[in-house]
Amino acid sequence: MSLTPYRKIAKAALQNWGDESSGWVGWSKEDAEKAVKTESGQMLEKRVGALDSIRSSVIAIGQALGYSQAKSERLLNSVTKQENVNVLPEDLAVFVEAGQDFEKAQKGKSKEDIILDALATIHDGWTRGNSKKFTDPKRPGKKYQHFPIELIGWKEATSDLLFLEPILNYFGVEVDKTKLQARYNERVAKFLDNNDLVDSYGLDKNALAGKIMQGSKFYPAFDDKNLVTDQKEALVIAGQVENVVSKEALDMLKGDSKD
């Protein structure tokens, strides 16, 4: 029988991160599989701390599929059952229905856009919930993470696939990362163009610094308690973005800049 979504995600987390509570990094496949089949949900959660990210993923999927709050909560309940090792028939029925809803949603937009919309919702939620990290002296090089998903780079933008992808798999939805990255690059290019953030040389750091200094007026999820008022600091953050922004997206805009 199939592992529950929670335990499948916990297994991936143990293999990728290890045990957060003890610092044991990168479990073997065998050890992770044994843990998710034998340990309590409470112990697994103590090890990986995955529930908050799983909840965010389910909520994001619900929003992408146009779910009511009640329907999102029903899906959330089926996904987050910790103590069950294997999927229950009633939960499988919920996942089958979600797969049908996902298929219907694709009549209006591509699978990749639905997934990217969900990832953007998760990122927005992370930004709102982690504003203190913006001023953390141990994270000076990660301020760029607090801005739109189009500016944080492919690796960061898809980091939550660790939680989202297994859930989608239970719906019968497979994630084609090559197609997903291509669509992400297109969305980045459109975002940069719409916000006048490119010039003949590539990313216009001065223009981006100006947007950064607008805080929530530029990115609604940004906490204006952290508003950047110093242009030098804004340019440093713009430089961080320049280091991660999609080169493929910038290439799409070559010759099309308004400079």
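The values are calculated or read from the model by the stated rules, or taken from the named source; none is laboratory data. Computed from a prediction, not measured in an experiment: that's the story for all the values here. All Cβ positions, even for glycine, are placed from backbone atoms using ideal geometry, and neighbour counts span all protein chains on display. Side chains included, ligands, DNA and RNA excluded: accessible areas come from the protein's heavy atoms. Shrake-Rupley method; radii C 1.70, N 1.55, O 1.52, S 1.80 Å.
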Structure-derived Rg and Dmax of the Cα atoms in Å - corresponding label in (1) 18.2, 53; (2) 19.8, 61; (3) 18.3, 59: (2)
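Grab the DSSP H runs of the chain that are 4 residues or longer, score each as -39,500 (n - 2.57), total them, divide by all residues and round the 222 nm result to the nearest 500 deg cm²/dmol. Please list the in-between numbers first.
Values: 13 runs with 153 residues, N = 259.
Mean residue ellipticity at 222 nm (helix-derived): -18000 deg cm²/dmol.
In the chain, carbon and sulfur make up what percent of the accessible area (probe 1.4 Å)? If you can, show how the numbers build up before the last one.
Working: 6360 of 13300 Å².
With neighbouring chains kept in place, the figure for the chain is 48 percent.
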Phi to ³J(HN,Hα) by Karplus 6.51 cos²θ - 1.76 cosθ + 1.60 over the stretch 230-241, Hz, x for Gly, Pro: 9, 4, 4, 5, 4, 5, 5, 5, 4, x, 5, 4
Dipole magnitude of the stretch 163-259 about its Cα centre (Cβ charges: Lys, Arg +1; Asp, Glu -1), debye to nearest 20: 80
Distance between modelled label sites at Phe218 and Phe191, nm, 7 Å Cα→Cβ extension: 1.2
Between the stretch 8-38 and the stretch 194-229, the alpha-carbon center distance in angstrom: 39
C-alpha long axis of helix 51-64 to longest principal axis of the chain, angle in °: 70
Two-site FRET efficiency, Asn84 against Lys232, from Cβ-Cβ distance with R₀ of 35 Å, rounded to 0.05: 0.05
Derived scalar couplings ³J(HN,Hα) [the stretch 199-205; Karplus, 6.51 cos²θ - 1.76 cosθ + 1.60; whole Hz; x for Gly, Pro]: 10, 5, 9, x, 5, 8, 5
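In the stretch 150-259, what trypsin sites (Lys or Arg not before Pro) fall in a loop by DSSP, with at most 12 other Cβ atoms inside 10 Å?
On the way: sites: Lys155, Lys177, Lys179, Arg183, Arg187, Lys190, Lys205, Lys211, Lys217, Lys225, Lys232, Lys247, Lys254, Lys258; in loops: Lys254, Lys258.
Those that pass, being in a loop and sparsely packed, are Lys254, Lys258.
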Met43-Ser68 pseudo-label distance in nm [points 7 Å out on the Cα-to-Cβ vector]: 4.1
Selection from Met43, Gln15, Ser53 lying farthest towards where the dipole of the stretch 1-74 points positive, charges on Cβ: Ser53
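Within the set Lys46/Lys217; Lys142/Lys205; Lys37/Lys155, which residue pairs have Cα atoms separated by over 27 Å? It would help to have the intermediate numbers written out before the result.
Numbers: Lys46/Lys217 38 Å; Lys142/Lys205 17 Å; Lys37/Lys155 30 Å.
Pairs exceeding the cut-off: Lys46/Lys217; Lys37/Lys155.
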Signed unit charges on C-beta, dipole axis of the stretch 101-259, positive-most listed residue Val173, Leu151, Pro140: Pro140
Helix axis angle, 111-129 relative to the chain longest principal axis, alpha carbon, degrees: 80
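Enumerate by residue number the GluC sites (Glu not before Pro) in the stretch 169-247 meeting two conditions: DSSP loop (anything except H, G, I, E, B), and at most 11 other Cβ atoms within 10 Å of the site's Cβ. Don't skip to the end; give the middle numbers.
Working: sites: Glu174, Glu186, Glu233, Glu242; in loops: Glu174.
When the GluC sites (Glu not before Pro) of the stretch 169-247 are filtered for loop state and at most 11 Cβ neighbours within 10 Å, Glu174 remain.
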Cα-based helix-to-principal-axis angle, 89-105 vs the chain, degrees rounded to 10: 30
